[in-house]
Each structure stands twice: as C-alpha cells, then as structure tokens.
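Take a look at the structure set out below.
The values are calculated or read from the model by the stated rules, or taken from the named source; none is laboratory data. Remember, predicted model here, so these are calculated numbers, not experimental data. Every residue, glycine among them, receives a Cβ derived from its backbone with ideal geometry; neighbour counts consider all protein chains shown.
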Amino acid sequence: MAATGNGPLAGVRVVELAGIGPGPFAAMLLADLGADVVRVDRPGGSGLGIDPDYDLTNRNKRSVLVDLKAEDGPAQVLDLVERADVLIEGYRPGVTERLGVGPAECHARNPRLVYGRMTGWGQEGPLSQRAGHDIAYIAVTGTLGMIGNAGGPPAVPANLVGDYAGGSLYLVIGILAALQHARSDGGTGQVVDAAIVDGAAHLATMIHGMMAAGGWQDRRGANLLDGGCPFYGTYETADGEYMAVGALEQQFYNEFIERLGIADEAPARKDFDRWDELRQAVAARFRTKTRAQWTAVFEDSDACVAPVLSLREAPAHPHLAVRGTFTDHGGITQPAPAPRFSLTQGSVTRPPARPGADIEAVAHDWDVPSLTKGGTDG
C-alpha cells in the first residue's frame, strides 16, 4: 500500500536520507500532509536507539535499506531521486557530496528536484563542520537566554524551539516554497539550506523589534511575555499543580482578578512598582484551591487562564478531545496531523516505518528495480 494519503501533498514524492531530529520530523510533516515519503535507512540502523515501532517521526512513511558506502548505493538513491520531487538530508555539510548524492549529482538526474538540507549551523561559517545539538544552536542566537526566571539559569525548552520550530518547520516552509517555484513555468529545482541557528533567530523577530523600541529588556524574567509580568505566567495550586495565566489585555485582566477573588485588593495593573506585590497576591490566592477547582472557576470565561497539563493528561482535555488534536493509531496516542484542511485533510494512515520493510513495494510503485538487488523485505 502506498504511503500517499488524501492530504494536499498527495502525489508528491519525497526521498529522506535517514537521520535524527529535525530532518525526520520535517519529512513526517510532509507525509502527514499526504506526500509519499520513502526513508532511505542504513543497514545496521541509525538514530537514537528507540524501538522503530514507537518512533512516531517515521509514521506515514515507507522505508528501504541502502548502503550509501557500497559500490551501488549512490546509484540506488539517484534512481529514487530521478522519480522524486524532494530530497531531505541532515548530514554535516559536504557528506552527501562525498557519498555521491550531493546536489550536483541529484540535479544532473532531476533538474526540478528540491534538495532540502537540514543542519544546526548551516552549510557554511566557522562552526559549520562542528557537532552540536538543539541547546547549543538556540544558545548562540539569544533565544535560550530569553527563557527562565530572573536571577536563575536559562530554562531548557526540551528540543522544541531549536530542532523542530527553528529547524523542521523552516525546512518545510522552504521546501514548499521551492516546490512551488520548481513547478512554475520555467522553474527549476534548487537547494534549501535550513539551519537551526537561522530559524531560531528568526523566531525572535518580534522581540528584537520590541527591544529596539525600548519595550523589551535584554534579560530574563523582566518582560511582558517571559514571566516578568504577574498576569502572564504560571502559579502553583493547593495540590502542587499549576495554572497558566495570560490576562494581558485590560478586559481580560479585569475578569481574571474578579474570578480570582482579589479585585478589591489588587494593585493597579499598570503600577509597575507594585508588580511584586501583585504577584504575591495572585500566588497566595492560587494556593487556596486545587488545579481542578481553579479550572472550574475559570471555565467559560475570557480570563485567559488554563490548567498546566502533563503530556499524558493533555489528550483527555475536553477541547482537544472534541477537536481530535490527538489520535490513536496502532495502539499509540499521538498528536494528529496539523494544520487542518477543508478539502484535503491529512491523516495517520501508517504506523512508524520499520527499516527496510517496504523495499519491494517502493521498487514497484516508483519503478526502481535497482532497490531489490541484494535487498530483502523486512
């Protein structure tokens, strides 16, 4: 069964050279939207050692095994490239060139190919050949330094800001834009250089504008959106859980302090000198009820207050349940494809691809008989 679904990218063929982190996630996004993504795995495996059955970034894909260091390995990949619209790779700069599947070789076989490159540091620059991970990339862009409490160390936001927001999402944007260009009259393929440092820096564009205008201090926990504001942050409840408050606008703030029960004692919202006093009043009040009780208090209100849920709790939230924000497939609860489309909605149609499990099917569907030479169905 082909991986192509009914999403808006149905009919688009993608070759993914197996890697870890943002490259596979970007390919998953394309697969969720209906693209036929063929992941080229290495014999012997790769990645972080997770059981392939649970590697959700490989859902909706198919997998073939190709040893790029073998004599016929590059030719097998180029046979796929000839029939593809997109290639995604996440090696260090120069590696695919040395392997014989770099942009020059691929475009010689398929001039309209969009060649997507995913790295942390980018294809050039003093650090381009250095190893790294999400935390280092967001550190040098100033993004990591923004996050955390005043007087404390920067808080690590998992690998969401760098790998996936600054990396995968920007790679997908670049691929879709380049694909549009390649399919236009006279259009050709091109290389998309998606660097996590570029994307993570770009995410803070609004903050740089606020800082230039004098509306943002270049330090943690001192600003409107970084926890420095007493009505934009998190507060502990009586049962050790937390509520998130985002009552920025005056009308929402008014409802917030009314429902919280401190309207008569709270200092004026714009009295910055008394923000610490306001924060203490809010914190003390939140500690008088449990998270569930406060959730009930702020339900059906515009106070912009929500319970802080864990990953396991989130799928059961009534709003997310109604929207189908999470889905169950193959016995695994997981985020559903996003965003939504009125005519060509994506879906989870296949479990995570097991390495090499689809050699015969891909060879047939893409008409690439070279894949089956020496290969076996997993």
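Given the condition within 30 Å of the chain's Cα centre (by Cα) and surrounded by fewer than 18 Cβ atoms within 10 Å (Cβ to Cβ), answer yes or no: does some residue in the range 295-304 qualify?
yes
Gly148 versus (1) surrounded by fewer than 17 Cβ atoms within 10 Å (Cβ to Cβ); (2) at positive phi: which is the lone unmet condition?
(1)
Considering the range 144-168 alone, what residues qualify as being closer than 22 Å to Ile20 by Cα and either of a type in the set (Asp, Glu) or touching a residue at least 40 places away in the same chain (Cβ under 8 Å) (or both)?
Hits for the range 144-168 are Asn159, Val161, Gly162, Asp163, Tyr164, Gly167, Ser168.
Taking Ala357 as the residue in question, decide whether it is more than 24 Å from Val15 (Cβ to Cβ) and among the hydrophobic types (A, V, I, L, M, F, W, C).
No: the conditions fail for Ala357.
Test Gly215 against the stated conditions and say whether it is in a helix (DSSP H, G or I) and of a type in the set (Gly, Ala, Ser).
Numbers: in a helix (DSSP H, G or I): no; of a type in the set (Gly, Ala, Ser): yes.
No, not satisfied.
Only one of (1) on the phi < 0 side of the Ramachandran plot; (2) exposed (fewer than 13 other Cβ atoms within 10 Å of the Cβ) fails for Gly162. Which number is that?
(2)
From the list Gly142, Gly151, Gly162, Gly120, pick out the single residue that is modelled with pLDDT under 95, farther than 16 Å from Val15 by Cα and not β-branched (Val, Ile, Thr).
Gly151
Return yes or no: is Ala195 in contact (Cβ under 8 Å) with a residue 24 or more places away in the chain and touching an Asp or Glu at 6+ places or on another chain (Cβ under 8 Å)?
Considered against the rule, which asks whether it is in contact (Cβ under 8 Å) with a residue 24 or more places away in the chain and touching an Asp or Glu at 6+ places or on another chain (Cβ under 8 Å), Ala195 comes out as no.
Counting only residues that are outside any helix (DSSP H, G or I) and more than 15 Å from Phe298 (Cα to Cα), which one in the range 233-256 is farthest from the chain's Cα centre (by Cα)?
Restricting to residues being outside any helix (DSSP H, G or I) and more than 15 Å from Phe298 (Cα to Cα), the top hit is Ala238.
In the set Gly19, Gly11, Gly34, which member is in contact with a Pro (Cβ under 9 Å, 6 or more places away or on another chain) and part of a loop (DSSP other than H, G, I, E, B)?
The unique qualifying residue is Gly34.
Tell me, which residue of the range 315-344 that is loosely packed, with under 15 Cβ neighbours inside 10 Å and of a type in the set (A, V, I, L, M) is farthest from Thr234 (Cα to Cα)?
Restricting to residues being loosely packed, with under 15 Cβ neighbours inside 10 Å and of a type in the set (A, V, I, L, M), the top hit is Leu343.
Take the residues in the range 297-334 that are without any contact (Cβ under 8 Å) to a residue 24 or more places away in the chain and touching a Ser or Thr at 6+ places or on another chain (Cβ under 7 Å); name whichever of them is farthest from Leu169 (Cα to Cα).
Pro315
Looking at Glu105, Glu89, Glu97, which is the one that is assigned by TED's automatic domain parsing to the domain that holds Pro24, among the acidic types (Asp, Glu) and without any contact (Cβ under 8 Å) to a residue 24 or more places away in the chain?
Glu97
Would you mind stating whether Ala268 is of a type in the set (Gly, Ala, Ser) and at pLDDT 95 or above?
no
If Leu278 passes every condition in (1) free of Cβ contacts under 8 Å to residues at least 40 places away in the same chain; (2) outside the structural domain of Asp85 (by TED's automatic domain parsing) but one, which one does it miss?
So Leu278 meets the others, but not (1).
Can you tell me which residues in the range 180-205 are surrounded by fewer than 23 Cβ atoms within 10 Å (Cβ to Cβ) and either part of a helix (DSSP H, G or I) or among the polar types (S, T, N, Q) (or both)?
Scanning the range 180-205 gives Gln180, His181, Ala182, Ser184, Thr188, Gln190, Asp198, Ala201, His202, Leu203, Thr205.
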